[in-house]
Amino acid sequence: GEEVAQTPKHLVRGEGQKAKLYCAPIKGHSYVFWYQQVLKNEFKFLISFQNENVFDETGMPKERFSAKCLPNSPCSLEIQATKLEDSAVYFCASSQSLSYEQYFGPGTRLTVT
Amino acid sequence: AQTVTQSQPEMSVQEAETVTLSCTYDTSENNYYLFWYKQPPSRQMILVIRQEAYKQQNATENRFSVNFQKAAKSFSLKISDSQLGDTAMYFCVSGGGADGLTFGKGTHLIIQP
């Protein structure tokens with residue numbers, strides 16, 4: 001597609017429940033990035049993929065967060081055992097290459113209660 | 001590692017005025033890119049302008065232009081003839097690596113009628 005698509009728009013989970021977010025990058029874009037934007041508007045890089053391969057995961061809290069980009073499937077970001085501090089908007093972005101701008105999806109707002 | 005600093009949390013100007021948003025950055029990369037992204041209340045991230053660090057010429061996009069001072073590591077955004085639709089959070093961003101984009105904390109720009 002011509003836009004980055006993210007589902008769902010909103011997700012509410014009780015503390016300790018699992019949350020799974022999806023992202024379909026723009027067709028032809030090789031790179032996918034996940035970011036977390038917390039209520040203070042601050043962005044945190046989580047993970048990047050080059051096609052289906054993890055490119056950089058230095059921002060991922062690995063004990064509870066995992067992500068995949070499998071061929072012919074939307075990319076996913078999964079949070080096991082959500083905590084209150086996971087409440088944020090999660091953005092997915094894609095780009096043709098590292099030297100090109102990233103195009104952002106509309107985000108998924110996760111609320112952990 | 002990269003850092004981006006925006007020292008103006010909020011700015012307010014009258015419609016049709018010119019406004020400049022400040023940004024400084026630090027990076028150890030030789031090849032990097034700088035961006036300004038706009039985030040209106042809808043939360044959608046919109047690319048405003050892009051600058052390749054190896055280019056001396058300042059980027060311009062219609063009413064938007066940058067003042068890129070590489071030695072000073074400064075990257076300010078000028079908005080001419082400001083419009084009500086320019087009201088948004090503006091993020092100064094650096095990138096070009098696998099570890100995603102590095103965001104400043106944002107400047108909330110309000111255009112008054």
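At a glance:
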item	result
Potential lengthening between B:Ala1 and B:Ile110 on full extension [0.36 nm per residue; Cα-Cα distance subtracted]	36.1 nm
Hydrodynamic radius by Kirkwood, which averages 1/r over all alpha carbon pairs of the protein assembly as shown, in angstrom	18.1
List B:Thr24, A:Thr108, ordered by accessible area with a 1.4 Å probe, largest first	B:Thr24, A:Thr108
Ranked order, B:Val13, A:Val38 - accessible area, probe 1.4 Å, largest first	A:Val38, B:Val13
Filtered chymotrypsin sites (Phe, Trp or Tyr not before Pro), segment A:45-83: DSSP coil and at most 10 other beta carbons within 10 Å	none
Overall dimensions of chain B by Cα: Rg and Dmax, Å	13.5, 43
Once exposed loop GluC sites (Glu not before Pro) are cut out (DSSP; at most 14 other Cβ, 10 Å), longest piece of chain B	B:30-113
Greater than 30 Å apart at Cα, pairs in A:Lys44/B:Lys70; A:Lys68/B:Lys105; A:Lys40/A:Lys62	none
In range of the label at B:Glu29: residues from segment B:96-113 whose backbone nitrogen is under 14 Å from the point 7 Å along Cα→Cβ	B:96-104
Residue-normalised accessible area of chain B, given per residue in Å² at a 1.4 Å probe	48
Rounded to the nearest 10 Å², the accessible area of A:Arg13 at probe 1.4 Å	70
Spin-label pair B:Ser80/B:Asn62, simplified geometry with 7 Å Cα→Cβ offset, distance in nm	1.4
Residue mean of other protein chain beta carbons inside 10 Å, A:22-29	0
Cα-Cα pairs of chain A separated by more than 24 Å (percent)	17
Average partner coverage of A:94-103, which counts Cβ from other chains inside 10 Å	4
Average beta carbon contacts from partner chains per residue of B:90-100, 10 Å cutoff	6
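The values are calculated or read from the model by the stated rules, or taken from the named source; none is laboratory data. Since we're looking at a predicted model, the values are computed, not measured. Cβ: placed from backbone, ideal geometry, glycine included. Neighbour counts: every protein chain shown. Calculation scope for accessible area: heavy atoms of the full protein, side chains included, ligands and nucleic acids excluded. Shrake-Rupley method; radii C 1.70, N 1.55, O 1.52, S 1.80 Å.
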